[in-house]
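The values are calculated or read from the model by the stated rules, or taken from the named source; none is laboratory data. Given the structure is predicted, the values throughout are model-derived calculations rather than measurements. Every residue, glycine as well, gets a Cβ built from its backbone with ideal geometry; the counts of neighbours run over all protein chains shown.
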């Protein structure tokens, strides 16, 4: 792991994310890139620095950045700052791609979304658009996770996200518990059908010593409820889910389920986009 992106709005929630990033950075010898998105009106943007007013706001924000980052827990860590005029948080992924980042860590307020500039559906926008894994931190100011639940549909399209998530969890020293949530209705499958799907999935993971019995089939009335209930049952302290990028969340992570899991979870949530992206930089 080489680079972690941390969006900063100067709130306590973004500082919590920064503290977690610092903890991981020290362990992994990783650089942190702190990003603030001003969201100025178009009249202030005029090609970013060409506007005098825009330049004033950039300098003011950079000064606030310097003060915000003057923390003991960041000592010894390489920290870069960047001030962007983006108003759409889905564009955060452009920053991550430009820095070849391995992970985005965001601070979240919880069920009402992210505080200040992190409000409404901004969490979902980042999660859905990001090619880079996103770790959403709630009220934690330290990263102590040791046991993860990774919920997956075990379709072939989820292979890359599965590898990315499990590789990242391993790098962070987190044990992973795999689960398939079976629910009534459209996505209900018999045990035999689920077993076959998991077997077909596992045989494609040639570099993993996994067998179908490593996956728990957990039944519940909804995916969100199933993920939370299973996580609580085994005393997990972090949840991982695959996402389907701009097309929404994959398979049973359709509609608002992924956003609900991110917003409603009291524990950290790692989301990994279903794509050809591979977490090979750890």
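Before moving on, here are some points about what is shown:
- Scanning the range 29-56 for residues that are at pLDDT 90 or above and within 18 Å of the chain's Cα centre (by Cα) yields 30, 31, 32, 33, 34.
- Matching residues, the range 1-31, being assigned to a strand (DSSP E or B) and surrounded by fewer than 22 Cβ atoms within 10 Å (Cβ to Cβ): 3, 31
- Residue 241 assigned to a strand (DSSP E or B) and in contact (Cβ under 8 Å) with a residue 60 or more places away in the chain: yes
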